[in-house]
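Before any comments, here is the structure.
The values are calculated or read from the model by the stated rules, or taken from the named source; none is laboratory data. A quick note: this is a predicted structure, and the numbers were derived from the prediction, not measured. Cβ: placed from backbone, ideal geometry, glycine included. Neighbour counts: every protein chain shown. Calculation scope for accessible area: heavy atoms of the full protein, side chains included, ligands and nucleic acids excluded. Shrake-Rupley method; radii C 1.70, N 1.55, O 1.52, S 1.80 Å.
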There are 2 protein chains.
Amino acid sequence: MTVKDEQEETFRGVPIKQLFPEERLGWKGFVEWEGNDERKAMASEFLKTKQFTPIPEFQQDPLPKTNPILIGHRWKEYHEALGLKSIVDYSWEMVQTEKEDMLHVLDFPYNGETRFNHVMEDKLTDNKYHFIRNHGGVPDIDPEAFYFDVGGLVKNPTRIYLSDLKDPEQFPQEEVTVTIQCSGTRRVEQIALYPGDGDELINAPWGEGAIGTAVYRGVPLKKVLKKACGGVLPECKHLEFIGADTYFKKLEVYNYAVSVPYRKVRQNEEVLLAWEMNGKPLPKIHGGPLRLVVTGYIGARSCKWVYKINALSVPSYGPVQRQEYLYYSQQIGKHNTLVSNGFSIQQMPVSSAIMSPRDRDVIIHDGSIKLQGWSYSGGGNWVERVEISPDGGHVWYACAPEDMTEKHYHAWRLWKIEVPVDAEGWLEFVVRTWDSSNNTEPTFIRSAWNWDLHVTSSCHRIKLYSVNRTRPLTQLRLKQLAERGETFTPISKPLEFALESRESYDAAFAKNPREPLN
Amino acid sequence: MTVKDEQEETFRGVPIKQLFPEERLGWKGFVEWEGNDERKAMASEFLKTKQFTPIPEFQQDPLPKTNPILIGHRWKEYHEALGLKSIVDYSWEMVQTEKEDMLHVLDFPYNGETRFNHVMEDKLTDNKYHFIRNHGGVPDIDPEAFYFDVGGLVKNPTRIYLSDLKDPEQFPQEEVTVTIQCSGTRRVEQIALYPGDGDELINAPWGEGAIGTAVYRGVPLKKVLKKACGGVLPECKHLEFIGADTYFKKLEVYNYAVSVPYRKVRQNEEVLLAWEMNGKPLPKIHGGPLRLVVTGYIGARSCKWVYKINALSVPSYGPVQRQEYLYYSQQIGKHNTLVSNGFSIQQMPVSSAIMSPRDRDVIIHDGSIKLQGWSYSGGGNWVERVEISPDGGHVWYACAPEDMTEKHYHAWRLWKIEVPVDAEGWLEFVVRTWDSSNNTEPTFIRSAWNWDLHVTSSCHRIKLYSVNRTRPLTQLRLKQLAERGETFTPISKPLEFALESRESYDAAFAKNPREPLN
């Protein structure tokens, strides 16, 4: 697509900038779509006059080894078409400033994965390494100018300025340690098994680093509803959160909108309006000045840049809430998917990952191999037991409590273990976790595979090539290589010397003949 | 490597061409190495003064989508260094003349795989499509000038001209229907699971087409030994076959040499000296003017361009026989491989492959899916039963006898079957075969995985995306697509229309609420 200079672009004689304006002072990169039906209709009509770059294919072919891995041409072009190119540019500027050392899974909307070594650095993920899955561009909102509206089925609809929210005299504050993960975490394993839905907003090919933990400071939404609005009306069953980012679905235009059940809000620390992350101001790329933090739920509900909260009798009609993040059964796919035959992913199940060693590593050891990883469960279920199998899932070794970080209701536990390994060659190591409700993980990827490739909660499996130095033949081979200054890896590189002398194999066959003698 | 003009190249003052000459009239591309120890030593010494292109890595990264897939730089350079570039050129000329429509897995030495559609065309594979796994260049030998020597532990060592061998007055002839396969057939499945030995002569990444069947005409070796040599001496336990192609191992130079046990030779039709393939003169690229055909054994024993046969008390010391085609146990790998801890692959086990549909195909059907493939077993065991599982190996359907080609002692059976399939989405179809000894196949690739990636005899598994048109929702979706002129594939391409109207999903959720009501 070629976009003309934004100054010139018009639709029905009106410059685009006037049709889709940034209206609020200090709220750069924000267009209010929700509630502006005429504006939405016009934007949609306008988009339908354009051609956009097709969605890239990345499930049937190997992923590029570039960083960023995938380029969000289409999402950029949607923004550009509506005169919002500055949002695209600002978002990438934020990535370069605050998220330099990430695996950029998708450049726009920004999806950044924590590099595996950073995942295991500490129980709390450094803000600059915490994963990000944005659904739109990053708005640039002055915290001084920031406010949000609370409406719908509340006694008194109200507008709250951030400065008031942060005033401990007006609202009580909480600090909660929270792990947030995407429902797409470890999606690459599902893709490698079978391709699934491509989706218009690329279903990012996440690995095991699409998860992170931080201490968030904020005010429980429950307190806001009670203190500022006099409580909700009896018909209120869901709270809708609307973010300042622009979202697209089949060429219709929205602000990002999701919801959580009112039941969830009742537990004070579980739905927080947060402005601080690990003791620092919430970075804009993470939803600053203000975001929701919903514990134990899919990250998508922790709405960033929240400017409107609505008490509703039903879940939000936002496409993200209704039409996406659905968990389909195994026989549902392109041929029969509906919105109503998937179920909505809200609370997250128990899941885990081995972070080191890495898949396909060669491990030279003396009879045991050390592994590290993370385990997590949603819904206030803490991680109780972590087990590693060195043989594809037959024998399991449990991590000692002292080798796991402390328990939290809403956060992962990092763990390490040293597993006895006698066997050599390719072995499959598996992790499975049990949470405090005795939930554990499905055994195989296929057990949990689903068309939209969400929630890869099956046991994480890695292949390791085990070289057991306590065995004499192995010692000999390592010595032969060392003497020649050759490396053992890559393992598929053939040895340059003869495996065995003729005398040696003649002697071996004399003892154990190749064929029967009679 | 840069090779100087062959005319100029010298070693110790002697032109290369004189050091490694083509001595026999009418035998182009043949250098006699075996028995010429001084020549072999000099060639090795000379090669060790050169640098060669490293062996390509193709197990850790995706295979190129080119044809030829892999380029045998190193093997070409060995030949070129010894002044034998004309062999490389002639070999490729033969490919272009006689094997145009093949999957060229490796250009030199030529490894060509039958394209999957040609595999299923007929019980007998057309010569121009029959797979080839050469270990060296194709010699260009005038059939009129061709002879072979029989020596070693025979009563009367002798030389036999091809014209005499073909004289039915002198030697009785047989016609045998024989399936030949490489021990590398279906190797790609092992590579995809775990990388293994790279090997100096590339362990080609074969698929299911490295197998073929032909009627060979020739003289049983047993008759030659008896009629021309007066029989073998009592100490004879193995027959060695030496081919006119040049072979390399760790910079030592050989003629290709293998052996089979004398026991095997005793069954007349099982070891044939053959000059005819499917009623036509044996093509040079297939071993013409004369090759061995050893039934039920790994293809490597069916020595091409055989110019010498030796009766021995032990297996051939040729590197192909002693140091290669070894079947290692699962814990043997780069760290501990020896020659003596693998066993020699001679007779082939039962194996099979689904040839259509292809892995990852989308199948739109009305409740059943048709499959076709091949099944084979070595050692005179014929294929008795072929079974297909549509569910990863739980339920098995057997092919009807009338849907299988006729039984042969030494050849495959092609089969077809229509399997009831109700389920939709990604399914794993599996084939397993039982031979006349009640042998069947290991269930998983891992069950049979081995370091040198030989004999992928495990059940062949393919993934199919099942779309069952007898289901109403599926019918609806196909209709929606047809009305819009859109295709169903690629499946990962998102649908451009909304999955469901708001009215429809509101109604569905009114009937089956997303969340409990209380």
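What pairs from B:LYS17/B:LYS226; A:LYS76/A:LYS222; A:LYS65/A:LYS479; A:LYS511/B:LYS226; A:LYS334/B:LYS463 go past 28 Å between their alpha carbons? Walk me through the numbers before you get to the answer.
On the way: B:LYS17/B:LYS226 39 Å; A:LYS76/A:LYS222 37 Å; A:LYS65/A:LYS479 35 Å; A:LYS511/B:LYS226 33 Å; A:LYS334/B:LYS463 16 Å.
Among B:LYS17/B:LYS226; A:LYS76/A:LYS222; A:LYS65/A:LYS479; A:LYS511/B:LYS226; A:LYS334/B:LYS463, the Cα-Cα distance tops 28 Å for B:LYS17/B:LYS226; A:LYS76/A:LYS222; A:LYS65/A:LYS479; A:LYS511/B:LYS226.
Over chain A, one equal point on each Cα, no solvent: what is log10 I(q)/I(0) by the Debye formula at q = 0.13 Å⁻¹?
-1.29
Quick one: if you stick a label point 7 Å off each Cα along the C-beta vector at A:THR97 and A:ASP366, how many nm between them?
Label-label distance for A:THR97 and A:ASP366, simple model: 5.1 nm.
Using alpha carbons only, how many degrees (0 to 90, rounded to 10) separate the axis of helix A:502-511 from the longest principal axis of chain A?
With both axes taken from Cα atoms, the answer is about 80 degrees.
Round to the nearest 0.05 the FRET efficiency obtained for A:VAL14 and A:LYS85 when R0 = 22 Å and r is the Cβ-Cβ distance.
After rounding, the FRET efficiency stands at 0.75.
How big is the shadow of the Cα convex hull of segment A:134-241, averaged over all directions, in nm²?
Over all viewing directions, segment A:134-241 projects a mean Cα-hull area of 9.5 nm².
Against the longest alpha carbon principal axis of chain A, how many degrees, from 0 to 90 and to the nearest 10, is the axis of helix A:37-47 turned?
50 degrees
Among B:VAL383, B:PRO494, B:GLN480, pick out the residue whose Cα is farthest towards the positive end of the charge dipole of segment B:349-518, where Lys and Arg carry +1 and Asp and Glu carry -1 on C-beta, about the Cα centre.
Comparing the listed Cα positions along the dipole, B:PRO494 ranks first.
For the protein assembly as shown, just run the numbers: alpha carbon Rg, then divide by 2.2 N^0.38 Å, N being how many residues it has.
Cα-based Rg divided by the globular estimate yields 1.12.
I want to check the label-to-label distance for A:LYS128 and B:ASP359. Put each point 7 Å from Cα in the C-beta direction and report it in nm to one decimal.
According to this spin-label approximation, the distance is 4.3 nm.
Between segment B:52-82 and segment B:482-518, how many Å separate their Cα centres?
50 Å
For chains B and A related by rotation, which residue of B has the Cβ nearest the axis, and what is the rounded distance in Å?
Residue and rounded Å distance to the axis: B:PRO62, 3.
Can you give the accessible area of B:SER163, probe radius 1.4 Å, in Å² rounded to 10?
Number for this one is 80 Å².
Tell me the Kirkwood hydrodynamic radius of segment B:45-98 in angstroms, computed as one over the mean inverse distance between distinct C-alpha pairs.
Kirkwood radius, segment B:45-98: 13.0 Å.
What is the set of long-range amide H partners of B:LEU153 at a cut-off below 5 Å, with H atoms built 1.01 Å from backbone N?
B:ALA311, B:LEU312
Leaving out ligands, DNA and RNA, calculate the buried accessible area for the pair A and B with a 1.4 Å probe, summed over both sides, in Å² to the nearest 100.
On the way: alone 23440 and 23400 Å², together 40310 Å².
Chains A and B together bury roughly 6500 Å² of accessible area.
Step through the table entries B:LYS128/B:LYS284; B:LYS250/B:LYS304; B:LYS223/B:LYS308, compare each Cα-Cα distance with 18 Å, and write down the pairs that go over it. It would help to have the intermediate numbers written out before the result.
On the way: B:LYS128/B:LYS284 12 Å; B:LYS250/B:LYS304 22 Å; B:LYS223/B:LYS308 16 Å.
Correct reply: B:LYS250/B:LYS304.
Shape of segment A:232-283 from its Cα gyration tensor (a ≥ b ≥ c, root eigenvalues): rounded if a/c is under 1.5, otherwise prolate when a/b > b/c, or oblate?
It comes out oblate by the Cα gyration axes.
Determine the sum of side-chain charges near A:GLU113: Lys and Arg each +1, Asp and Glu each -1, restricted to other residues whose C-beta is under 12 angstrom from that of A:GLU113. If you can, show how the numbers build up before the last one.
Working: positive: A:LYS99, A:ARG115, A:ARG133, A:ARG186, A:ARG187; negative: A:ASP101, A:GLU208.
Net of charged neighbours comes to +3.
Rounding to the nearest 20 debye, state how big the charge dipole of segment A:10-344 is about its Cα centre with +1 on each Lys and Arg Cβ and -1 on each Asp and Glu Cβ.
Taking the Cα centre of segment A:10-344 as origin, the dipole is about 780 debye.
If we hang a label 7 Å off Cα along the beta carbon direction at B:PRO281, how far is it from the matching labels on the other copies, in nm, shortest first?
Values, ascending and in nm: 8.8.
Can you compute log10 of I(q)/I(0) for segment A:1-76 with the Debye formula, treating each Cα as one identical point scatterer, at q = 0.17, 0.26, 0.28 Å⁻¹?
Ignoring solvent entirely, the Cα scatterers give -0.85, -1.32, -1.42.
Work out Dmax and Rg for segment A:303-441 from the C-alpha atoms and quote the Rg first, both in angstrom.
Looking at segment A:303-441, its Cα Rg and Dmax stand at 19.7, 62 Å.
Give, in nm to one decimal, the length gained when the segment between A:GLN330 and A:PHE343 is fully stretched (0.36 nm per residue of separation minus the Cα-Cα distance).
Between A:GLN330 and A:PHE343, full extension yields an extra 3.4 nm.
Using Cα atoms only, what is the angle between the long axis of helix B:472-484 and the major principal axis of chain B, expressed in degrees (0 to 90) to the nearest 10?
Its long axis makes an angle of about 80 degrees.
Shortest first and in nm to one decimal, what separations exist between B:ARG502 and its copies in the other chains, measuring from label points 7 Å along the Cα-to-beta-carbon line?
Sorted ascending, the copy-to-copy spacings read 8.6 nm.
Kindly provide log₁₀ I(q)/I(0) values, in the same order as q = 0.10, 0.15, 0.17 Å⁻¹, from the Debye equation applied to equal alpha-carbon scatterers of segment B:349-518.
-0.52, -0.87, -1.02
How many nanometers, to one decimal and shortest first, lie between the label point of B:ASP122 and those of its other copies, if labels sit 7 Å from Cα toward Cβ?
Nearest to farthest, the other copies are at 7.4 nm.
When we measure straight from the Cα of A:LYS155, which aspartates and glutamates land under 20 angstrom away, once same-chain ones fewer than 8 places off are left out?
Answer for A:LYS155, where 20 Å is the Cα cut-off: A:ASP164, A:GLU235, A:GLU240, listed by chain and number.
Positive end of the charge dipole of segment A:228-301 (Lys, Arg +1 and Asp, Glu -1 on Cβ, about the Cα centre): tell me which of A:GLY296, A:ILE242, A:PRO281 has its Cα farthest that way.
Final value for the positive-end residue is A:GLY296.
Restricting to DSSP loop positions (anything but H, G, I, E, B) with no more than 16 other Cβ atoms inside 10 Å of their own Cβ, which trypsin sites (Lys or Arg not before Pro) remain in segment B:316-409? Provide the component values of the computation, followed by the final result.
On the way: sites: B:ARG322, B:LYS334, B:ARG358, B:ARG360, B:LYS370, B:ARG385, B:LYS407; in loops: B:LYS334, B:ARG358, B:ARG360, B:LYS407.
Listed in order of number, the matching sites are B:ARG358, B:ARG360, B:LYS407.
Divide by every residue of chain A the summed helix terms, -39500 (n - 2.57) for each DSSP H run of at least 4, and state the resulting mean residue ellipticity at 222 nm, rounded to the nearest 500 deg cm²/dmol.
Values: 13 runs with 96 residues, N = 518.
Mean residue ellipticity at 222 nm (helix-derived): -5000 deg cm²/dmol.
For the residue pair B:GLU38 and B:ASP149, what label-to-label distance in nm results when each label sits 7 Å from Cα along the Cα-to-beta-carbon direction?
Taking the simple label geometry, B:GLU38 and B:ASP149 are separated by 1.6 nm.
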